1. GLY160 is checked against (1) open to solvent by 10 Å² or more (accessible area, probe 1.4 Å); (2) on the phi < 0 side of the Ramachandran plot; (3) out of contact with any Lys or Arg (no Cβ under 6 Å at 6 or more places or on another chain) and fails just one. What number does that condition carry?
2. Quick check on PRO46: is it of a type outside the set (Gly, Ala, Ser) and either assigned to a loop (DSSP other than H, G, I, E, B) or more than 14 Å from the chain's Cα centre (by Cα) (or both)?
3. Does segment 142-157 hold any residues that are of a type in the set (A, V, I, L, M) and buried (at least 24 other Cβ atoms within 10 Å of the Cβ), and which are they?
4. Could you grab the pairs with beta carbons closer than 7 Å, sequence gap of 6+ or different chains, first residue in segment 1-21 and among the polar types (S, T, N, Q), second one surrounded by 11 or more Cβ atoms within 10 Å (Cβ to Cβ) and outside any strand (DSSP E or B)?
5. Looking only at residues in segment 163-196 that are hydrophobic (A, V, I, L, M, F, W, C) and open to solvent by 30 Å² or more (accessible area, probe 1.4 Å), which one is nearest to GLN129 (Cα to Cα)?
6. May I ask you to verify whether ALA242 is of a type in the set (Gly, Ala, Ser), open to solvent by 50 Å² or more (accessible area, probe 1.4 Å) and closer than 30 Å to GLY160 by Cβ?
7. Filter segment 156-199 for residues that are of a type in the set (Lys, Arg) and not in a loop (DSSP other than H, G, I, E, B) and give the result.
8. Output the residues belonging to segment 87-126 that are part of a loop (DSSP other than H, G, I, E, B), surrounded by fewer than 21 Cβ atoms within 10 Å (Cβ to Cβ), out of contact with any helix residue (DSSP H, G or I) (no Cβ under 7 Å at 6 or more places or on another chain) and in contact (Cβ under 8 Å) with a residue 40 or more places away in the chain.
Amino acid sequence: LPSRHLGLVGAGEVPFDIAPWQALAARLTQTINVNALLACCHLDIPPSAPTVLPDPALGNGLTLALARDEAFSFYYPTSLRVLEELGATLVPFRPLHDEALPAVDGVLIGGGFPEMFAAQLAANASMRQSIRQAAAAGMPIYAECGGYMYLMEELVDFAGTAHAMCGVFPGRAAMQQRLQMVGYVEACLRQESVLGPAGTVLHGHEFHFSKESGQAAIARPFVFTKLRNGEQYEAGQQRYRALGSYLHIHFAGCPEAARHFLTQCHAYAEEAGR
């Protein structure tokens, strides 16, 4: 199975080859007592209450664009399901290939490997312009890690080549030869955002090789606290209704953030007369 700086190469980037999986299955049957292992899995665990109560009325009529292609693929399916259980409809779009955003009320751009596709992302100028115009019009946009890098002015790849990105946020993200951060963090919002009011506390993790620079003195929307040592630092950027940082969250762990995002999307839809 091919790998690179953040782990395994995404399944969507390589042709499926069944041979490694067949070899793994054969080795497992030779070396592991599968029946004994399965017997250990039959535990009497009472069902837990659902984390999020479905509320289809909240997101009724809302459509959210979800960046999903070879460059952006880091999503928790159960996290996205929270938005759907709240009534929103997710519409995939491809920053690498599509000309513009679909007609939507909000945008989600998750993590991935934009650094491996920086030239192609830069070449798709119409998509970058579409996202920049949507942000300027007040459309709620939430971007995590790779998505955050995509919303900056430039992305510098491992070879040191700079590529133009969306320009929603100032500065550049430059790939480094060493891991910059991996671990769980507590993120406290310092100002109102698409994920909640000031004082909202979110839990998530960071995992990135890039380092941001080139921003003047700006008011960062987050204060991150590393859970392993208590170190605190300002993080992320916010402009218009666009919010981005290196944080990865799970909406099932912060359902109020999902609800607040949909509320912001409703506000935008009303402003836009949708």
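The values are calculated or read from the model by the stated rules, or taken from the named source; none is laboratory data. Fair warning: this is a prediction, and the values are worked out from it, not measured in the lab. In this analysis, Cβ positions are derived from the backbone assuming ideal geometry, glycine residues included, and neighbour counts consider all displayed protein chains. All accessible areas refer to the heavy atoms of the entire protein, side chains included, with ligands and DNA or RNA removed. Shrake-Rupley method; radii C 1.70, N 1.55, O 1.52, S 1.80 Å.
1. Looking at each condition in turn, GLY160 falls short on (2).
2. Working: of a type outside the set (Gly, Ala, Ser): yes; either assigned to a loop (DSSP other than H, G, I, E, B) or more than 14 Å from the chain's Cα centre (by Cα) (or both): yes.
Spelling it out, PRO46 is indeed of a type outside the set (Gly, Ala, Ser) and either assigned to a loop (DSSP other than H, G, I, E, B) or more than 14 Å from the chain's Cα centre (by Cα) (or both).
3. Taking segment 142-157 and keeping what is of a type in the set (A, V, I, L, M), we get 143, 149, 151-152, 155-156.
Scanning segment 142-157 gives ALA143, MET149, LEU151, MET152, LEU155.
4. Qualifying pairs under 7 Å: SER3/VAL9.
5. Initially, segment 163-196 is screened for residues hydrophobic (A, V, I, L, M, F, W, C), giving 164-166, 168-169, 173-175, 179, 181-182, 185, 187-189, 194-195.
Next, from what is left, pick out any that are open to solvent by 30 Å² or more (accessible area, probe 1.4 Å): 164, 179, 182, 188.
Values: ALA164: 11, LEU179: 31, VAL182: 32, CYS188: 31 Å.
Among those that are hydrophobic (A, V, I, L, M, F, W, C) and open to solvent by 30 Å² or more (accessible area, probe 1.4 Å), it is ALA164.
6. Working: of a type in the set (Gly, Ala, Ser): yes; open to solvent by 50 Å² or more (accessible area, probe 1.4 Å): no; closer than 30 Å to GLY160 by Cβ: yes.
Taking the combined requirement at face value, the residue does not satisfy it.
7. Of all residues in segment 156-199, those of a type in the set (Lys, Arg) come to 172, 178, 190.
Of everything in segment 156-199, just one residue is of a type in the set (Lys, Arg) and not in a loop (DSSP other than H, G, I, E, B), namely ARG172.
8. From segment 87-126, those part of a loop (DSSP other than H, G, I, E, B) are 87-88, 94-105, 110, 113, 124; that's our starting set.
The next check asks that each one be surrounded by fewer than 21 Cβ atoms within 10 Å (Cβ to Cβ); those that pass are 87, 94, 96-103, 113, 124.
Checking the rest, the ones that are also out of contact with any helix residue (DSSP H, G or I) (no Cβ under 7 Å at 6 or more places or on another chain) come to 87, 94, 97, 102-103, 124.
Of everything in segment 87-126, those that are part of a loop (DSSP other than H, G, I, E, B), surrounded by fewer than 21 Cβ atoms within 10 Å (Cβ to Cβ), out of contact with any helix residue (DSSP H, G or I) (no Cβ under 7 Å at 6 or more places or on another chain) and in contact (Cβ under 8 Å) with a residue 40 or more places away in the chain turn out to be GLY87, ALA103.
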